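Notes follow once the structure below has been shown.
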């Protein structure tokens, strides 16, 4: 198993939800974590809670990512772990009431979710490959991206979201192959229905109804369960180029 304790890590979208839980778990694992998030107040508070650093970053903007990477490197040295959790939702059909899907919404969703993951992965990987190997296998780093079951079971109104997450799934293997000879692993987690801030805003009866759709356990996922899987991926050297569904066996219905 690979032990990344003492090394630097970056978690995008790390101020809340899956990202915050993951950042906390990596800090427990002994990593020095830098949070990338657009919400400065929440990022500052979460960074303080886990003894990490933070940078206000728009992952869809390569220059913003580069500036955030400078902050991370200054705080904790070359990052060896990157967890891409930043993402947005939004719902719109291909055609609704005779009107086509808003192209700006489609583009923005892909820019944050897919291009944002690419921006962070490519820039951080360039730092990782220049670092010294940390074990006999020649390991230099690990990247974990976040997709969604929508990549496989996209529902009505999830056109943009499913396309963005499907892109993340599709780039997992080629990115892993690109970086294999450089000692950097790449995996993706595709979570199902998790109790993120978006679902927290729903009434409790709606949350229970959604959770009941999950075969087993019949509830919404806890972000700490997502974080536990990410932690294992970082430590297990044979996990590479893989997309893992974390969904309690759910297969989403059309609606």
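Out of 227, 190, 212, one residue alone is modelled with pLDDT under 95 and either surrounded by fewer than 14 Cβ atoms within 10 Å (Cβ to Cβ) or under 13 Å from the mean Cα position of the chain (by Cα) (or both). It is 212.
Can you tell which of 180, 176 is surrounded by fewer than 21 Cβ atoms within 10 Å (Cβ to Cβ), within 17 Å of the chain's Cα centre (by Cα) and over 27 Å from residue 104 (Cβ atoms)? Only one candidate qualifies: 176. Taking the listed residues 189, 184, the one that is under 19 Å from residue 13 (Cα atoms) and touching a residue at least 40 places away in the same chain (Cβ under 8 Å) is 189, with no other qualifying. Scanning the stretch 132-172 for residues that are surrounded by fewer than 17 Cβ atoms within 10 Å (Cβ to Cβ) and over 26 Å from residue 106 (Cα atoms) yields 132, 133, 135, 136, 137, 138. Among the residues of the stretch 222-241, is any part of a strand (DSSP E or B), in contact with a strand residue (DSSP E or B) (Cβ under 9 Å, 6 or more places away or on another chain), touching a residue at least 60 places away in the same chain (Cβ under 8 Å) and within 24 Å of residue 4 (Cβ to Cβ)? Checked the stretch 222-241: no residue is part of a strand (DSSP E or B), in contact with a strand residue (DSSP E or B) (Cβ under 9 Å, 6 or more places away or on another chain), touching a residue at least 60 places away in the same chain (Cβ under 8 Å) and within 24 Å of residue 4 (Cβ to Cβ). Quick check on this structure: which one of 72, 43, 20, 67 is modelled with pLDDT of 95 or more, surrounded by 22 or more Cβ atoms within 10 Å (Cβ to Cβ), out of contact with any helix residue (DSSP H, G or I) (no Cβ under 9 Å at 6 or more places or on another chain) and not in a loop (DSSP other than H, G, I, E, B)? Unique residue meeting the criteria: 43. Within the stretch 193-209, the set of residues being more than 21 Å from the chain's Cα centre (by Cα) and either surrounded by 17 or more Cβ atoms within 10 Å (Cβ to Cβ) or in a helix (DSSP H, G or I) (or both) comprises 204, 205, 206, 207, 208, 209. The helices (runs of 4 or more DSSP H) falling completely within the stretch 102-179 that include 1 or more residues that are over 22 Å from residue 229 (Cα atoms) map to 103-110, 116-128.
The values are calculated or read from the model by the stated rules, or taken from the named source; none is laboratory data. Owing to the predicted nature of the structure, the values given are computational and were not obtained by experimental measurement. Counting neighbours? That spans all protein chains shown, and the Cβs are built from the backbone with ideal geometry, glycine included.
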